Structures are given as structure tokens and as C-alpha cells.
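Just so it is clear, none of the values below were taken in a lab; they were calculated from the coordinates. In this text the structure is predicted, and so the values were computed from the model without any measurement. All Cβ positions, glycine included, derive from the backbone under ideal geometry; neighbour counts span all protein chains shown.
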Amino acid sequence: MEDKIILKKDAPVKFETRKLTGWFSENHFYGNRDEDEDRARYDECTHYECKKCETVYEKSAYCKHCSKTNKEKIFNSYDEVEYKEGPFFIYDTDLFFNNRDEYLDYIECGFVENFNKLVLAEKENLIESSSISDFLENKIADANLEHLDGFKFSEETQKMIKTLEDTITKETGTVYYPTKLRFKL
């Protein structure tokens, strides 16, 4: 059995006079203002018609045609660069590749089709190397403890903090984000 498509403009709502006068959907009363008709029609419809391209889509979804068109415009607005080396993403996905060979292997294995929408990746360390010691020194300075004025960590404590920072950096690693630089392979 095929589901019936009901567009908002065709939704079976009615304007009645009972003890209440206004717009009713099957189960709800919405009032008698112009916007109440719109709300009643929305309640009864199953599909929407896109205001831009007139494509019909489910009301709980979005217009895939306009979304695709907007994504194309955004991608085409990115500066085009020549790819030399380094990590990159397939545009509008979370597919990340460390280099060209990894990407070509992935395509060769048939995991994805050959995408030509590629964007360079930008690296960001989650923990800056001096952030812990700077944080602690700033906290001590902010505490306004006169007896700690000009406080510096001992050499042994500085080594322990450095070891901690290095360990955190190794374990949390690096995060890559897509840039607004596109290229073709």
C-alpha cells in the first residue's frame, strides 16, 4: 500500500464555528488568525513543497536538491590550490586521508567512488606544550598570595610537568580539520 502524499497547501483543514471559531486540524484547534491556518496545515500535511525549487519532500526532512546545490556553491567558493602532499578530507564528509596513496588505495578497494571534491586538512594540537605550567603559574599569580610573589616551579617539578605535557600530547594526538582550500588529484 502506497502512502498518500499530502502537501501543506492541500492539507484537509477547515475553518468552523463551534463554541470556538478558527482553524482545526483533525485533532487540534489552532485559533482564527492567519498564522493559525498555516500551523493547522502543517499539522495535517505529510510533505512540503520547497519554496525555492518546488521539489516535494517529507515535512520532517529537508530539500535535498537545494541542500546539494548550496553545498556545491560553498565548495566552489573555496580557493583552489595545487596539492603537493599532506592530509586531506573528502568535502562534506568525515573521510580523512593522510596522503594521496592512502586515498587511491581506499578508492581501489571500492569503499567509495572517486570523489573529486577534496579539501586540505589543517592540524591542531589538543594540548599546547606549555599550557599546563602556564595555567598553574597564572593560577598562583591570580591567587594574590604575597608570599608566593615571583613564584617559579623547581627544576624537578618543571621536568615532571614537561613529562606530563608530552604524555598528554602523545595520547591525545592531533586533530585535523577541513580547510577552505580545495584541490584536484
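Residues in segment 30-56 that are surrounded by 14 or more Cβ atoms within 10 Å (Cβ to Cβ) and among the hydrophobic types (A, V, I, L, M, F, W, C): Ala40, Cys45, Cys50.
Name the single residue that is farthest from Lys14 (Cα to Cα) among those in segment 57-80 being surrounded by 13 or more Cβ atoms within 10 Å (Cβ to Cβ) and hydrophobic (A, V, I, L, M, F, W, C). So, considering only residues that are surrounded by 13 or more Cβ atoms within 10 Å (Cβ to Cβ) and hydrophobic (A, V, I, L, M, F, W, C), the one farthest from Lys14 (Cα to Cα) is Phe75. The set of residues in segment 38-56 being among the charged types (D, E, K, R) and more than 16 Å from Ala11 (Cα to Cα) consists of Lys51, Lys52, Glu54.
The lone criterion from (1) under 11 Å from Ile6 (Cα atoms); (2) more than 25 Å from the chain's Cα centre (by Cα) left unmet by Asn32 is number (1). So the check is Cβ under 6 Å with 6+ separation or different chains; which pairs have a first residue in segment 33-45 that's of a type in the set (A, V, I, L, M, F, W, C) and a second one that's buried (at least 17 other Cβ atoms within 10 Å of the Cβ)? Matching pairs, first to second residue: Ala40/Val13; Ala40/Trp23; Ala40/Ser25; Ala40/Tyr30; Cys45/Lys8; Cys45/Ala11. Please enumerate the residues belonging to segment 1-58 that are in contact with a Leu (Cβ under 6 Å, 6 or more places away or on another chain) and of a type in the set (Phe, Trp, Tyr). The one that is in contact with a Leu (Cβ under 6 Å, 6 or more places away or on another chain) and of a type in the set (Phe, Trp, Tyr): Phe29.
Each row is one residue, and each column tells you yes or no for (1) of a type in the set (Asp, Glu); (2) free of Cβ contacts under 8 Å to residues at least 60 places away in the same chain; (3) closer than 19 Å to Ala121 by Cβ.
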position: Lys64; (1), (2), (3): no, yes, no
position: Ser67; (1), (2), (3): no, yes, no
position: Val81; (1), (2), (3): no, no, yes
position: Glu85; (1), (2), (3): yes, yes, yes
position: Phe88; (1), (2), (3): no, no, yes
position: Asp94; (1), (2), (3): yes, yes, yes
position: Asp101; (1), (2), (3): yes, yes, yes
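Would you confirm, using the coordinates I've provided, whether Ile5 is assigned to a loop (DSSP other than H, G, I, E, B) and among the β-branched types (Val, Ile, Thr)? It is true that Ile5 is assigned to a loop (DSSP other than H, G, I, E, B) and among the β-branched types (Val, Ile, Thr).
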